[in-house]
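Every number in this text was worked out from the coordinates using simple rules, so none of it is lab data. Just so it is clear, the model here is predicted, and its values are computed rather than measured. No Cβ is skipped: glycine too gets one built from the backbone with ideal geometry, and neighbour counts run over all protein chains shown.
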Amino acid sequence: MLKRIKIISLIFIFSSCSETGIETYTAYSPTPSPLNIPQIFASTILPPIQSIDNPQTEEGVQLGRKLFFDTILSVDDSQSCASCHSPENAFTDTDRFSEGIDGILGNRNSMPLFNMAWNYDNKFFWDGRSFGLEKQALEPVIDPIEMHNTWSNAVLSLQNDLEYPQLFFDAFGTLVIDSLLVTKAISQFERTLISSNSRFDKHLLGEITLTASELNGFNVFMDETKGDCFHCHGSQNNPLWTDNNFHNNGLDATFLDLGLGIITGDPNDNGKFKSPSLRNLKFTAPFMHDGRFASLDDVINHYSEGLINSLTIDPLMKSVNDGGVQLSATDKIDLKAFLLSLSDDEFINNPDFQAPN
Amino acid sequence: MIPFKKLVLIVLLVSFLGCDDNENTIIDPITTIGTITVDFNHYWGSEKITSADFNTTTFTNENNDIQTISKLKYLISNLTLHKANGESLKLNDYYLVDLAGLNSNTSITVSDVPVGNYSSVSFTFGFNEADNIEGAYLDLNSASWNWPAMLGGGYHFMQFEGKYGTTGTENPYAYHMGTARVSTDVFEQNFFDVSINGFIMGEETSTEIKMDISEWFKNPYTWDLSVYSTPLMTNYDAQLLMNQNGQSVFSLGVVN
């Protein structure tokens, strides 16, 4: 399915540099680098979303990686994307709310980053407000409680840097940097953050055998009369382990944060947030859009006994009037074991995803 | 790749288009091929329902329970047009109808459909046994439309959700239909075939297939949400009642 991206390589730039008198004549020929689609995805779900105007190239991905880990994007050169999206935490952090450059806390938990090219609806953030990764990446740089920069200033810093102009040329064929190219490069890097090597993935591929506890936990997950997790969190046939959709999962009676409702303006969407993937939970605590649950046990207890009714609660929170699905102690232990089997140590340790030297 | 049986379709289109400029004769331009649009529209009785009614509009069902709807999504397969002489034409393999707002999916358009008089329209609600293959359809997997293996696997036929009861003390219902589990590892097919009136197909024809949602709660079983609300996927009796009540929900609507 993956069409090889044809790159027009016949763009030559003739740039003359009057100060030094040196004339450079460089060919722009980035190397196409289509996403590596894991077998476990290729055999179950639709191909990833390709960005029509931002094809993956080696140069683009490497530039994006450098930008992702570079504090140059923040106004005081103190924070990078990775400050709140660290590889060791599956590209989130361990804080309930992350601290921006001015020491101000956000009001939502930093989202982990992986398998984002398979977000078919292409809606990013907890409330889905950005359509497309490139749009998403525009925000943190200028958010006053995050990097608190302006794009003109960020671009100026990059333009004045010794290395970046050439790297942008290599990736995009122009020495003139702008915010769109920055977000294109970062998005290319982010699309390469593919997680598909958990114990459960290996079990599905027949490479390992899960423990009895993990297997029973999967049954709890799939059983409508027990966990009933699969309606929103995928299954062996949808190994993204999320529907990438928006739900009110019974956290509060009233909402301090309206979530999707802020974006759509529809009161019926109040209190709805995107279902996060259940991959990599081993690394991504705390949990929920506001990081209210410190541990996976807290999350399981919420669905088991802690559901709170509200106007927009999802009907799939079917046991709300009993407080939850009332799992047994054994089922809770097993469910947790299963959930942790979706964590992917190879992903967080992948050398391609670490800070470049 | 898609394991649907190839439909045996013999369409004898003898299209003789003669055009002789010299004699300037025009053969009567009999159009033999047209484009059909099939719209799945939804009603409560005679009242048309869209996603704008979700969560807010209340409906009174046959059992006099007051209910709202927040999701209505269902699978149909093997949508087929039939002629009186036995010929048939399959319009598509399967389609996931979804009323939800932005991503609503309620219309199928097929070109290259021979014009003429079709005596009936048929489809399967859900998948028949041959088509209901665990994990076989990537788009349906991507939509998390799977039916748990412990319940026989394959795919959901319908997800129909909302709340019922008095405001403030509502209870959720999740009218989810698929393969019925008789007992552990013993399953029963639960799809049903729908056949509705035909129509005359022209060059551009739009056909409405109506679902009367209230019928799911009415005929022949007066559905009592206090008995059957959730969980229903695991409830054999509920699955069979859905199948019975579903048989009368579809009809042919307006044809233009």
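The alpha carbon centroids of segment A:110-135 and segment A:34-76 are separated by 13 Å. How about residue B:210: which aspartates and glutamates have a C-alpha closer than 13 Å to its C-alpha, ignoring those fewer than 8 places off in the same chain? Filter leaves B:39, B:47.
Normalised by the number of residues in segment B:19-255, the mean separation of alpha-carbon contacts (under 8 Å, six or more apart) gives a relative contact order of 24 percent. Taking a sphere under 12 Å around the Cβ of residue A:214 and counting the other residues whose Cβ falls inside, with K and R at +1 and D and E at -1, yields a net charge of +2. Relative to the Cα centre, the charge distribution of chain B, modelled as +1 at Lys and Arg Cβ and -1 at Asp and Glu Cβ, gives a dipole magnitude of about 560 debye.
Taking the beta-carbon count within 10 Å as an exposure proxy, list A:273, B:59 from fewest neighbours to most.
By the 10 Å Cβ count, ascending, the order reads B:59, A:273.
Residues in segment A:165-170 carry Karplus couplings, in order, of x, 5, 5, 5, 4, 4 Hz; the curve used is 6.51 cos²θ - 1.76 cosθ + 1.60 with θ = phi - 60°, and Gly or Pro positions show x. When both bridge partners sit in the protein assembly as shown, DSSP labels roughly 90% of those beta bridges antiparallel. Inter-chain Cβ neighbour count for A:294-305, averaged per residue, equals 0 (cutoff 10 Å, partner chain atoms only).
Ordered by the number of other Cβ atoms lying within 10 Å of each residue's own Cβ, fewest first, A:179, B:142 fall into the sequence A:179, B:142.
Neighbouring Cβ atoms from other chains, within 10 Å of the Cβ of residues in B:143-153, number 5 on average.
Residue by residue along A:85-98, Cβ atoms of other protein chains within 10 Å of the local Cβ number 0 on average. Fewest neighbouring Cβ atoms within 10 Å first, the residues A:118, A:151 line up as A:151, A:118. Taking amide H as placed 1.01 Å from N in the peptide plane, the amide H of residue A:248 sits under 5 Å from that of A:273, A:314, each at least 5 places away or on another chain.
Checking the cross-link pairs A:226/B:71; A:135/A:274; B:71/B:163; A:123/A:202 against a 19 Å limit on the alpha carbon distance flags A:226/B:71; A:123/A:202 as lying beyond it.
Quote the relative contact order of chain A in percent (integer), defining contacts as alpha-carbon pairs under 8 Å separated by 6+ residues.
The value is 19 percent.
Note on residue A:66: lysines with a C-alpha under 18 Å away, same-chain residues under 8 apart excluded, are A:184.
If both residues of a DSSP beta bridge must be in segment B:19-255, then about 85% of such bridges are antiparallel.
What GluC sites (Glu not before Pro) in segment A:80-180 are in a loop by DSSP, with at most 12 other Cβ atoms within 10 Å of the Cβ?
Passing sites in segment A:80-180 are A:163.
Its relative contact order, with pairs defined as Cα atoms under 8 Å and 6+ residues apart, puts segment A:11-195 at 26 percent. Treating r as the C-beta distance of residue A:104 and residue A:209 and R0 as 45 Å, the FRET efficiency rounds to 0.40. Each residue, residue B:200 and residue B:35, gets one label point 7 Å from its Cα in the Cβ direction; the gap between the two is 2.2 nm. Maximal additional length on extending the residue B:150-residue B:136 stretch stands at 3.4 nm, based on 0.36 nm per residue less the C-alpha distance.
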